[in-house]
């Protein structure tokens with residue numbers, strides 16, 4: 001059986017303030033902005049790590065699907081406010097240095113760096129919309 005050549009191209013995270021999302025992902029995490037597309041008062045912002053042009057995160061307005069009900073839209077907003085709607089795992093070559101820089105920038109820290117029993121060292125922060133961002137480093141690295 002032939003192995004499929006499939007990679008991750010983009011992942012989607014909701015934002016409730018495009019300027020705050022842009023400042024976090026561009027200025028705090030250091031991602032480059034690839035697209036910033038507006039439609040009315042809505043914005044879709046595509047960012048990605050420098051030097052990795054084939055991997056991106058699309059920051060999108062939450063619950064804009066026309067098929068979603070007002071109740072579902074409200075549920076999404078409530079989950080975002082609690083930080084339980086969406087998340088993303090990132091990797092860093094030096095987790096402790098990355099964490100120190102993030103903490104100094106004033107991000108909301110959920111978990112300081114810790115060695116996990118499954119072979120990773122990681123920390124957790126929240127982006128401005130409440131999305132949980134885990135940053136991981138292999139303990140062998």
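Rule-based calculations on the coordinates, nothing more; no lab input. Note that the structure is a prediction, hence the values are computed from the model and not measured. Every residue, glycine among them, receives a Cβ derived from its backbone with ideal geometry; neighbour counts consider all protein chains shown.
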With the Cα gyration tensor of region 20-74 in hand, convert its eigenvalues to equivalent ellipsoid semi-axes via √(5λ) and list them largest first in whole Å. 26, 11, 10
Stretch residue 89-residue 50 to full length: gain in nm at 0.36 nm per residue minus the Cα-Cα span? 12.4 nm
Least to most buried among 9, 60 (fewest other Cβ within 10 Å first): 9, 60
In nm, to one decimal, how far is the residue 111 label point from the residue 73 one, both placed 7 Å along Cα→Cβ? 3.4 nm
The residues 28, 3, 33, sorted from fewest to most surrounding Cβ atoms within 10 Å, come out as 3, 33, 28
How tilted is helix 95-104 with respect to the longest principal axis of the chain? Cα atoms for both, answer in degrees (0 to 90, nearest 10). 50 degrees
Extend 7 Å from the Cα of residue 101 along its Cα-to-C-beta direction; within region 28-48, residues with backbone N under 17 Å of that point are 28-33, 48
Helix 70-82 sits off the longest principal axis of the Cα atoms of the chain, rounded to the nearest 10 on a 0 to 90 degree scale, by 30 degrees
With the cut-off at 1.5 for a/c, could you classify region 59-140 from its C-alpha gyration tensor as rounded, prolate or oblate? prolate
Choose one answer from 86, 104, 23: the residue with the largest mean-square fluctuation in a GNM of the chain with alpha-carbon springs under 10 Å. 104
Just rank 64, 107, 6, fewest to most, by other beta-carbon atoms within 10 angstrom. 6, 64, 107
Please compute the Kirkwood hydrodynamic radius of the chain from all pairs of different C-alpha atoms, in Å with one decimal. 16.3 Å
